[in-house]
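Trainee: This is the structure I want to talk about, given as structure tokens.
The values are calculated or read from the model by the stated rules, or taken from the named source; none is laboratory data. The structure presented is a predicted model; accordingly, all values stated were derived computationally and were not measured. Cβ sites come from the backbone with ideal geometry, for glycine too, and all protein chains shown count toward neighbours. Ligands, DNA and RNA are excluded from the accessible area calculation, which covers all protein heavy atoms including side chains. Shrake-Rupley method; radii C 1.70, N 1.55, O 1.52, S 1.80 Å.
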Amino acid sequence: PSSAVTPDAEKTPGYWNKGARRRLELALALQPAAQRAKNIILFMGDGMGLSTVSAARIYKGQLAGGSGEESVLAMETFPHMALAKVSGAALGGTLLLPLLETPPHPRCFQTYTIDRQVPDSAGTGTAYLCGVKANAKTLGLSGAAVYGKCHTTFGNEVDSVLHRARLAGKSVGIVTTTRVQHASPGAAYAHSASRGWYADANMPQEALRDGCKDIAWQLVHNTDINVILGGGRMYMTPKQTPDPEYPEDPDQNGTREDGRDLIAEWLNAKQGARYVWNKKGLDEVEEDSVSHLMGLFEPKDMRYELNRNTSTDPSIVEMTEKAIRILRRNPNGFFLFVEDDHIPHAGGRIDHGHHSGRAKQALMEAVMLDRAVARAGELTSPADTLTVVTADHSHVFTFGGSTPRGNSIFGLAPKKAKDKRAYTSILYGNGPGYSIRDGARPAASLPAAEDKDYRQQAAVPLETETHGGEDVVVMAQGPMAHLFHGVQEQHYIAHAMAYAACLEPYATEPGCRAARRASHGTRCLPQPLLALLAFCMAALIVRG
């Protein structure tokens, strides 16, 4: 259905039959794209469970002036999908190769960690980026590592798809609306027994003595990342260093106790590198003039889209576009990780919004992530770019109440509850929205429920709302997108992406050598040999 369709048209069977036939014809014409991927973009909506996707779809449509239900997200146009398991029993091993001959069909991914039925963003990040299930709150480490125990780090490190892509000669980047040292992006480059070791000031003395490094230090030294865009300035500079945006606020000062300026170290180590800290600086960066770009736009996490200063802070769409324009210059291709946390407190801003019980903030972040997906599609081609959209986990977020067609997604249910009080369609299973006044639940009302900072009611009182344990969806288009099908363990995502792009441990699989020749051409020659050829050609020209 389309927003341009009249209500009367929907009342006729022919309208629905025609639409179904069109979709059936598209399904019959769908063929797997079996060529290898030159580029990979992984969009990760932190906390973007299926209920969030559905509600964001309606919100998108209502923002455009429609009733909302008939709207379609850009990510929902992708032809292949799967479900990732976030809780449940392990199947063992990665079932990639047997699936290569399997016809595409819906697939689900489960997101549990080794030690938790309902996961956190660190354990899930290690799964979908590094390809192994791990323990909660640990980053880039196998399940043999113990949370908070530095000495269990060494020998248990696992490398991410981003790191392997860089070793293969691709450009790589990270875009996030949280601090760049947060658990989700951190899993792309860090090996840490604690997701909370943002800077050395956040680490126990025992861990420092045992030789562990903080996540900010690892951001600069572990992997040669070409583009780093997000928040997290305070973890990069020495203690009491004034923040460039908030110089009068000591709470925003640098926190490092080792006296190191990691931004300066990064700039000095990279030829053609540039650092920016506001939208003006980002806009001034010419893609052809830099090989490396670091943009840190807040001391900690970036602001919610609904709170963003559009003149000083870039959006996730703008950051994604800048990253792609820089990364796509590499003839070998690129890997880009884009995260939006949908909850106000602990992860991407989708995740953060849900944690605080503020559904409007979370859903606007989901809509913005989808706009970034759409913009990425305009800047790349599905012929050579595998684009994957997924979530690390869900939330105890739901909407219902027999609301009529076109009801505001943030509106009230049409009937009152058993306590004779109104309630919103959106509710949380637990969180800070729990409230009892004068011995009863307060009635929800409009327009208060439409406010961006309104907290939807919750059934159980908690300081912050929790993650949900149900499976999350994976949507994919481009080369090898058909590998995403059925119900899978979450760590399968990393393996499917690595296989699609001929990255370790699948670099020698059939078809990979031909794919490298096709994408590199003569540029696959070593740089010293190219320099020698150029010198010889120049000598011949001079002699001629």
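Trainee: Looking only at residues that are small (Gly, Ala, Ser) and more than 23 Å from the chain's Cα centre (by Cα) in segment 458-485, which one is nearest to Asn307 (Cα to Cα)?
Mentor: Of everything passing the filter in segment 458-485, Ala458 is nearest to Asn307 (Cα to Cα).
Trainee: State which residue pairs qualify: first residue without any contact (Cβ under 8 Å) to a residue 40 or more places away in the chain and inside segment 287-301, second residue open to solvent by 10 Å² or more (accessible area, probe 1.4 Å) and part of a loop (DSSP other than H, G, I, E, B) in any location, beta carbons under 6 Å apart, and separation of 6 or more residues or different chains.
Mentor: Within 6 Å, the pairs are Val290/Gly272.
Trainee: Can you name the residue in segment 372-398 that is open to solvent by 10 Å² or more (accessible area, probe 1.4 Å) and in a loop (DSSP other than H, G, I, E, B) and, of all such residues, is farthest from Met497 (Cα to Cα)?
Mentor: Among those that are open to solvent by 10 Å² or more (accessible area, probe 1.4 Å) and in a loop (DSSP other than H, G, I, E, B), it is Val396.
Trainee: If you don't mind, another one. Please determine whether any residue of segment 193-207 is surrounded by fewer than 23 Cβ atoms within 10 Å (Cβ to Cβ), within 30 Å of Leu306 (Cα to Cα), of a type outside the set (D, E, K, R) and in contact with a helix residue (DSSP H, G or I) (Cβ under 7 Å, 6 or more places away or on another chain).
Mentor: Among the residues of segment 193-207, at least one is surrounded by fewer than 23 Cβ atoms within 10 Å (Cβ to Cβ), within 30 Å of Leu306 (Cα to Cα), of a type outside the set (D, E, K, R) and in contact with a helix residue (DSSP H, G or I) (Cβ under 7 Å, 6 or more places away or on another chain), which makes the answer yes.
Trainee: Right, something else. When you check His182 against the structure, is it open to solvent by 30 Å² or more (accessible area, probe 1.4 Å) and in contact (Cβ under 8 Å) with a residue 12 or more places away in the chain, yes or no?
Mentor: no
Trainee: Would it be correct to say that Ser87 is of a type in the set (Ser, Thr, Tyr), open to solvent by 80 Å² or more (accessible area, probe 1.4 Å) and either at pLDDT below 90 or touching a strand residue (DSSP E or B) at 6+ places or on another chain (Cβ under 8 Å) (or both)?
Mentor: It is false that Ser87 is of a type in the set (Ser, Thr, Tyr), open to solvent by 80 Å² or more (accessible area, probe 1.4 Å) and either at pLDDT below 90 or touching a strand residue (DSSP E or B) at 6+ places or on another chain (Cβ under 8 Å) (or both).
Trainee: May I ask you to verify whether Ala440 is farther than 23 Å from Ser67 by Cβ, open to solvent by 10 Å² or more (accessible area, probe 1.4 Å) and assigned by the TED database to the domain that holds Gly125?
Mentor: no
Trainee: Next question, about the same structure. Hey, could you check segment 118-133 for residues that are out of contact with any strand residue (DSSP E or B) (no Cβ under 6 Å at 6 or more places or on another chain) and part of a loop (DSSP other than H, G, I, E, B) and say which is surrounded by the most Cβ atoms within 10 Å (Cβ to Cβ)?
Mentor: Pro119
Residues are listed down the side, and each one gets a yes or a no for (1) assigned by the TED database to the domain that holds Gln205; (2) over 28 Å from Gly45 (Cβ atoms); (3) out of contact with any Gly (no Cβ under 9 Å at 6 or more places or on another chain):
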site	(1), (2), (3)
Pro242	yes, yes, no
Asn253	yes, yes, yes
Gly272	yes, yes, yes
Leu296	yes, no, no
Arg325	yes, no, yes
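Trainee: Further question on the same structure: Would a scan of segment 449-457 turn up a residue that is without any contact (Cβ under 8 Å) to a residue 40 or more places away in the chain, more than 14 Å from Phe397 (Cβ to Cβ) and more than 25 Å from the chain's Cα centre (by Cα)?
Mentor: Taking every residue of segment 449-457 in turn, at least one turns out to be without any contact (Cβ under 8 Å) to a residue 40 or more places away in the chain, more than 14 Å from Phe397 (Cβ to Cβ) and more than 25 Å from the chain's Cα centre (by Cα).
Trainee: Suppose the filter is under 21 Å from the mean Cα position of the chain (by Cα), modelled with pLDDT under 95 and surrounded by 14 or more Cβ atoms within 10 Å (Cβ to Cβ); does His345 pass it?
Mentor: Yes, satisfied.
Trainee: What do you reckon, is Arg421 farther than 30 Å from Lys85 by Cβ, charged (D, E, K, R) and surrounded by fewer than 19 Cβ atoms within 10 Å (Cβ to Cβ)?
Mentor: yes
Trainee: Looking at Ala538, Ala501 in this structure, which one is within 15 Å of Ala34 (Cα to Cα) and either modelled with pLDDT of 95 or more or surrounded by 10 or more Cβ atoms within 10 Å (Cβ to Cβ) (or both)?
Mentor: Criteria check complete, one pass: Ala501.
To keep it simple, each residue is scored yes or no on (1) aromatic (Phe, Trp, Tyr); (2) open to solvent by 30 Å² or more (accessible area, probe 1.4 Å); (3) farther than 17 Å from Gly231 by Cα.
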| position | (1), (2), (3) |
| --- | --- |
| Tyr246 | yes, yes, no |
| Asn253 | no, no, no |
| Asp258 | no, yes, yes |
| Glu265 | no, yes, yes |
| Val276 | no, no, no |
| Leu282 | no, no, no |
| Glu287 | no, yes, yes |
| Ser291 | no, yes, yes |
| Met294 | no, no, no |
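Trainee: Would you please list the contacts, defined by Cβ atoms under 9 Å and residues six or more apart or on different chains, that run from a residue in segment 393-409 that is of a type in the set (D, E, K, R) to a residue that is buried (at least 19 other Cβ atoms within 10 Å of the Cβ)?
Mentor: Here the result reads Arg405/Gly68, each pair linking segment 393-409 to a residue that is buried (at least 19 other Cβ atoms within 10 Å of the Cβ).
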